[in-house]
Amino acid sequence: MNIVHAASELFPFMKTGGLADAVGGLTKALAMAGHEVAVFLPGYRAALEHPEAETVERVHRLQIEMGGRYLHADLLRLRVSAGFTVYFVKRDEFFDRSGAYGTGDRDYDDNAERFIFFSKAVAEAMRLADLKADIVHAHDWQTALLPVYVRLAEERHDTSLAVKTVFTVHNLAFQGVFPMDVFRLTGLPEEFRSVDGLEFFGQLNLMKAGLLFGDRVTTVSPSYAREIQTPEFGCGLEGVIATRATDLVGLLNGIDDSIWNPAIDPLLPARYSADDPSGKAKCRRALLKKCGFDPETKAPIFGMICRLTEQKGLDLLLSARRFFETEDCRLIVVGMGRNHYEEALQDLAQANPQRVALARVLDEPMTHLVEAGADFFLMPSIFEPCGLNQMYSQCYGTIPLCSRVGGLVDTVVDEEESPDAGTGLLFTPTEQGISWALQRALLLCRQPEKMKAMSGRGMRRDFGWRTAARRYEELYNDER
């Protein structure tokens, strides 16, 4: 098949979270399975400066109508490997910036214009490059207009660009909601400016375009597909999603096991595997030393890597402050985000320098070291569409402590519910729930053989993208 993907992030060129890993892993796996895969990405500064982009070539000059004026962009092509091509839409006014979406403190004011432009550019680039796709697959609100623009371009130019369009919701909480006066930039017919189109409580909602007009709609785990049809998790769009229930499917993300594999991971001080896990002890000591702790301590290590936001359960983590202050354990948090969470964690670390460490970085070596060196990995998410770190953790022999939501339920086997198959601990995302899970972890530390068995079972699970990509192939081939 000829498969075209469009996304606002793609590992290794631009990454702010799990979207980059998911799109990168899926597209790579599809290419390795023999498909012809093209991925469109904004021409961010960081992406074009990445070492792998050195051989990029300009192939087309694009002219895109935006609210009555025409803007230009260069279409750049990078042949990554056989069957795998990355296209960058380069317009410096929009994408030559330090961040993908904002400065860290706030989003860019022109994000609507930037990503409307990008979606239009992808459809036009497909036409000019004659990319006859079997599948056009758009990801999240930044590219949610693409299924619409593909069909409009086909009508306008009397051509075929895609047999089927697919839209994937990676996180429904981020919908691309903007003032309605932005609608003029879309160039869409007036009927789209309605509650049956993109109107959402008087504003423009770009996510609705993908939900309503993608031929198939997917999200990133079976549990999340069920959750987003409820008021609790639907973020105001549960009614819209209900209209597409027969076209909605939850497909678990995979992980790139050529990168996330402790047996071959070049970022670790020692390699190890389920058959020979001895190297994990060296990683543990290296992590403790890097964080300024006694590298020989036997106290359990709790690791956490995430954006410091409400969604990731930072309030729940902070509600357990007394646990980390009084129990003989170590807490290591890696991430950046909301200032008040950074400040609260920094205060906790400064008040307990022998027990708590905060690394305010987005650093691949550190994230790999935490996954390998920690005993337990904390994910107290309020909601979690899929999650990747709980899968990384199991592959690295680190036991996940996860909220009972979304993809965490689909990927972690609770040891209390399945003693002979358990790979982690699940809990209700409440203060009582996380408190009980932390106590369960301490109890588990007193049963080293049981803990070792859980760790080994996790390492033997297959979360690779080869398996996950087959589910997407089945969807692509589904004639519905």
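The values are calculated or read from the model by the stated rules, or taken from the named source; none is laboratory data. All of these numbers come straight from a predicted model, not from anything done at the bench. Counting neighbours? That spans all protein chains shown, and the Cβs are built from the backbone with ideal geometry, glycine included.
Before moving on, here are some points about what is shown:
- Restricting Asp181, Asp196 to residues that are of a type in the set (Asp, Glu) and assigned to a helix (DSSP H, G or I) narrows the list to Asp181.
- One residue stands out in region 61-76 among those that are touching a residue at least 40 places away in the same chain (Cβ under 8 Å) and surrounded by 16 or more Cβ atoms within 10 Å (Cβ to Cβ): the one that is nearest to the chain's Cα centre (by Cα), namely Leu75.
- Listed by position, the strands (runs of 3 or more DSSP E) contained in region 359-442 that have at least 1 residues being under 22 Å from the mean Cα position of the chain (by Cα), among the aromatic types (Phe, Trp, Tyr) and within 30 Å of Gly99 (Cα to Cα) are 376-379.
- Pick from region 228-267, criterion crowded, with 22+ Cβ neighbours inside 10 Å and touching a Gly at 6+ places or on another chain (Cβ under 6 Å), ranking: modelled with the highest pLDDT: Ile228
- Candidates Asp140, Asp181, Asp158, Asp196, filtered to the one that is crowded, with 20+ Cβ neighbours inside 10 Å and among the charged types (D, E, K, R): Asp140
- Verdict on Ile116 being in a strand (DSSP E or B), closer than 23 Å to Val177 by Cα and either touching a residue at least 12 places away in the same chain (Cβ under 8 Å) or in the same structural domain as Met180 (by TED's automatic domain parsing) (or both): no
- Region 139-173, residues that are within 24 Å of the chain's Cα centre (by Cα), among the aliphatic types (A, V, I, L, M) and not in a helix (DSSP H, G or I): Ala144, Leu145, Val166, Val169, Leu172, Ala173
- Subset of region 74-113 that is out of contact with any helix residue (DSSP H, G or I) (no Cβ under 8 Å at 6 or more places or on another chain) and among the basic types (Lys, Arg) - its residue that is nearest to Thr309 (Cα to Cα): Arg106
- Applying the set (1) under 27 Å from Gly25 (Cβ atoms); (2) surrounded by 14 or more Cβ atoms within 10 Å (Cβ to Cβ); (3) at pLDDT 95 or above; (4) not hydroxyl-bearing (Ser, Thr, Tyr) to Arg79 leaves exactly one unmet item: (2).
- Inter-residue pairs, beta-carbon under 6 Å, first in contact (Cβ under 8 Å) with a residue 40 or more places away in the chain and assigned by TED's automatic domain parsing to the domain that holds Ser8 and in region 191-214, second among the hydroxyl-bearing types (Ser, Thr, Tyr) and not in a helix (DSSP H, G or I), 6+ apart: Gly214/Thr165
- For Gln63: the one exception among (1) in a strand (DSSP E or B); (2) of a type in the set (S, T, N, Q); (3) more than 22 Å from Tyr149 (Cβ to Cβ): (3)
- Scanning region 39-56 turns up no residue that is assigned to a helix (DSSP H, G or I), buried (at least 23 other Cβ atoms within 10 Å of the Cβ), touching a residue at least 60 places away in the same chain (Cβ under 8 Å) and under 22 Å from the mean Cα position of the chain (by Cα).
- Test: Ala349 is more than 18 Å from Ala437 (Cα to Cα), touching a strand residue (DSSP E or B) at 6+ places or on another chain (Cβ under 7 Å) and of a type outside the set (Val, Ile, Thr): yes
- Of all residues in region 274-283, one or more are modelled with pLDDT of 95 or more, surrounded by fewer than 20 Cβ atoms within 10 Å (Cβ to Cβ), under 29 Å from Ala468 (Cβ atoms) and among the hydrophobic types (A, V, I, L, M, F, W, C).
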